[in-house]
Amino acid sequence: KPKAIIIGAGVAGIASAIRMAVKGFDVAVFEANAYPGGKLAEIKLEGFRFDAGPSLFTMPQYVDELFELAGKNPKDYFEYEKLNEVCRYFYEDGLRLTAHTDLNKFAAEIEQRTQSSAKEVKRFLKKSETIYDITHRVFLERSLHKIKSYLHWDTLRSVFRFGQIDAFRTQAKANESSFTDERITQIFNRYATYNGSNPYQAPATLNVIPHFEYHFGAFLPKNGMYGIIDALVKLAKDLGVKFLMNSRVDEIVYDNKVVTGIKISDKLIASSVVISNLDIWFTYRKLLKAFPAPEKLLSQERSSSALIFYWGVKSSHPELGLHNIFFAKDYKAEFDSIWKAEAPYHDPTIYINITSKHIESDAPAGCENWFVMINVPANKGQDWDKLITQAKQNILQKVNSILKKTINDDIVCERVLDPRGIELNTGSYQGSLYGNSSNNQFAAFLRHPNFSSQIEGLYFCGGSVHPGGGIPLALLSAKIIDQDLGIKGL
Ligand code: FAD
């Protein structure tokens, strides 16, 4: 059997391993941590369970297709439920809105409770669908860097419709002109943060993102987000993939521009296919030190990071759902603070995810597991210890004031994750969540391709390379490599 080595057991690394095993390769995954999943990890703390990283699951079909590819029934490995609510929104002026996944219900709620009309919301989401139709094959499902991608009729048709993808104004500008009520503009501006970007800079093409939620749906795996990793690792192992944990790869080895394997503590492990799931920045800086790096690409602005408090809370709060957002009063000022001053904002938009609302075992009876996150800049050496103390005070003040109660004394245990920890735990440069930001129209073209044009047999998957960050796109990076290897007939 030909051999394939995967560096890193992030979700894309595991998906790549499954795809290579299905192709008939003898696959080994080398992972630096003691556990698989990378950013998709979990924390267990004093009777509470928390998903440590991603909390929103969209496009589950990209997970299902891995089981189908292997001739298995996804339901034998993995179950998830479709949510009725995308999010509950809380505003400083007292407004509360529930974003139902049923679009008619959501639009009606907006019409009833704000100055925006149902028609505005529906028109906006129709536009979102158009952007998806035009972009998904070109920007998401194929390599942007291979001529053959452009030889498909559907790609060419999409290229001719590029004028409609709204790439030449910012997302915030487009949304301001779409909604009468600025609180609804705020809801849709927030989607820029789904890939760690700034809606006041990023192109309105990012308005494609709500289509994922309102058309395909929002989901929660039965055992929480980490259930995705448990299921994929089980499938990979069933296909014969070997996982080597606590195995930090030191070098990618090549000879005469052909990959020959990897090195761990000077030990050479041979393979003619190597797929790096490690952040592309560290792949070049650490594993390919002697190779000329694509400096322009590596110097692109990184996406934002996160500061997360995992709180075990000894009370229950029926006004909160699975996903909750407490909006900053001045959204523009918040993004200016993150992107210009490179500091967390004093009145941050707070995201609270409570999986125990759906998964009882995630918290003791009468308690809730709060994952409390704010967007913060990527790590440039800020004084995070000081910023964490300030942020906690600001968060508590805002949550208490909006919920009209005091939750401080209900927090029975806590863990904190900041950009330094994200970099340390997952090898993500500057702790950014999604690789490079999408703060300009050309960002999609400035992500690294999924293959090396200079070293044969070397591939790259994961959130820092094409097509981008987030679980669905990371999974697509593995699919694009699969297509490429298929064509080469290896
Ligand atoms: P990563 O998760 O980056 O894993 C890379 C792996 O490589 C790690 O396990 C690391 O230990 C390993 N590694 C590093 N160096 C080496 C080495 N030298 N040798 C061997 N192994 C190495 N996405 C969503 O879709 N929805 C969300 O709601 C969402 N929210 C998020 C919230 C947070 C707080 C974070 C951190 C991320 C969030 N994301 C979300 C993004 C999502 O988690 C990532 O895009 C995705 O998990 C990235 O997967 P990846 O395959 O790129 O690998």
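Under 24 Å Cα-Cα from K380, which lysines qualify once same-chain neighbours fewer than 8 residues away are excluded?
Qualifying lysines at Cα under 24 Å: K39, K286, K289, K296, K332, K340, K392.
What does the extension gain come out to for A34 and T180, with contour length at 0.36 nm per residue minus their alpha carbon separation?
In short, 47.5 nm is gained.
Between the stretch 234-264 and the stretch 51-119, what's the alpha-carbon centroid distance in Å?
The distance from the Cα centre of the stretch 234-264 to that of the stretch 51-119 comes to 36 Å.
Under a 1.4 angstrom probe, counting protein chains only, how are E213, E414 ranked by accessible area, largest first?
Listed by decreasing accessible area, they come as E414, E213.
So what's the stretch 120-213 giving for Cα Rg divided by 2.2 N^0.38 Å, two decimals?
Taking N as the residue count of the stretch 120-213, the ratio is 1.12.
Given the Cα-Cα distance of K23 and K296 and 0.36 nm per residue of separation, how much length would full extension add, in nm?
Taking 0.36 nm per residue and subtracting the Cα distance, the gain is 94.8 nm.
Based on Cβ point charges of +1 for Lys and Arg and -1 for Asp and Glu, what charge dipole magnitude is obtained for the stretch 120-213 about its Cα centre, in debye rounded to the nearest 20?
320
Of the peptides 131-143, 386-398, 328-340, 429-441, how do they stack up when ordered by the mean number of other Cβ atoms within 10 Å, highest first?
429-441, 131-143, 328-340, 386-398
Report D for the stretch 216-363 in µm² per second (integer): Stokes-Einstein, Kirkwood Rh on Cα pairs, 20 °C, 1.002 mPa s.
Stokes-Einstein gives a translational diffusion coefficient of 106 µm²/s.
In whole Hz and in residue order, list the ³J(HN,Hα) couplings for the stretch 279-295 that follow from phi through the Karplus curve 6.51 cos²θ - 1.76 cosθ + 1.60, θ = phi - 60°; x for Gly and Pro.
2, 4, 4, 6, 4, 6, 6, 10, 9, 10, 4, 7, 9, x, 7, x, 4
For the stretch 89-248, go through all pairs of different Cα atoms, get the mean of 1/r, take its inverse, and jot down that Kirkwood value in Å.
So the Kirkwood estimate lands at 18.3 Å.
Mind listing the phi-derived Karplus ³J(HN,Hα) values for the stretch 118-129, rounded to whole Hz, using 6.51, -1.76 and 1.60 with θ = phi - 60°, and x for any glycine or proline?
Each residue's phi maps through the Karplus curve to give 4, 4, 4, 5, 5, 4, 4, 6, 5, 4, 4, 5 Hz.
Determine the distance separating the Cα centre of the stretch 178-218 from the Cα centre of the stretch 128-160; give it in Å without decimals.
Cα centres, the stretch 178-218 to the stretch 128-160: 21 Å.
Would you mind counting up the charge near L287? Only other residues with Cβ under 11 Å from its Cβ, with Lys and Arg at +1 and Asp and Glu at -1.
Within the 11 Å Cβ shell, the charges total +2.
Quick one: compute the contact order of the stretch 384-454, relative version, from alpha carbon pairs under 8 angstrom and 6+ residues apart, as a percent.
Once divided by the residue count of the stretch 384-454, the mean separation gives 14 percent.
Got the relative contact order for the stretch 120-213 handy, in percent, Cα pairs under 8 Å and 6 or more residues apart?
Reported relative contact order: 34 percent.
Which value, in Å to one decimal place, does the Kirkwood hydrodynamic radius take for the stretch 322-442 when every pair of different Cα atoms is included?
In the stretch 322-442 this quantity evaluates to 15.9 Å.
About its Cα centre, how strong a charge dipole does the chain have in debye, to the nearest 20, once Lys and Arg get +1 and Asp and Glu get -1 at the Cβ?
The dipole of the chain has a size of about 1040 debye.
For A270, put the label point 7 Å out on the Cα→Cβ axis and report which residues of the stretch 3-21 keep their amide N under 12 Å from it.
Under 12 Å, as judged by backbone N against the label point of A270, lie 3 of the stretch 3-21.
To check my understanding: the extent here is largest minus smallest coordinate of the Cα atoms along each principal axis. What are those three numbers for the stretch 422-490, in Å, largest first?
That works out to 37, 30, 25 Å along the principal axes.
List the residues, sorted by chain then number, that are 5 or more residues from D26 or on another chain and whose placed amide H is less than 5 Å from its amide H.
Those lying under 5 Å, H to H, from D26 are K3, A4.
Give me D for the chain in µm² s⁻¹, whole number, from Stokes-Einstein with Rh from the Kirkwood sum over alpha-carbon pairs, 37 °C and 0.692 mPa s.
The diffusion coefficient I find is 142 µm²/s.
In percent, what relative contact order does the chain have, based on Cα pairs under 8 Å that are 6 or more apart in sequence?
Relative contact order, the chain: 23 percent.
If each Cα of the stretch 26-83 is one equal point scatterer, what is log10 of I(q)/I(0) from the Debye formula at q = 0.12, 0.22, 0.25 Å⁻¹?
The computed values of log10 I(q)/I(0) come out as -0.44, -1.15, -1.17.
Taking just the alpha-carbon atoms of the stretch 396-448, what radius of gyration and Dmax come out, in angstrom?
Rg and Dmax of the stretch 396-448, Cα atoms, are 17.8, 49 Å.
In degrees from 0 to 90, rounded to the nearest 10, what is the angle of the helix 384-403 Cα long axis to the longest principal axis of the chain?
In the chain, helix 384-403 runs at an angle near 40 degrees to the longest axis.
The values are calculated or read from the model by the stated rules, or taken from the named source; none is laboratory data. Note that this is a predicted model, so its numbers are computed, not measured. All Cβ positions, glycine included, derive from the backbone under ideal geometry; neighbour counts span all protein chains shown. Ligands, DNA and RNA are stripped out before the accessible areas are found, and what is left, the full protein with its side chains, is counted by its heavy atoms. Shrake-Rupley method; radii C 1.70, N 1.55, O 1.52, S 1.80 Å.
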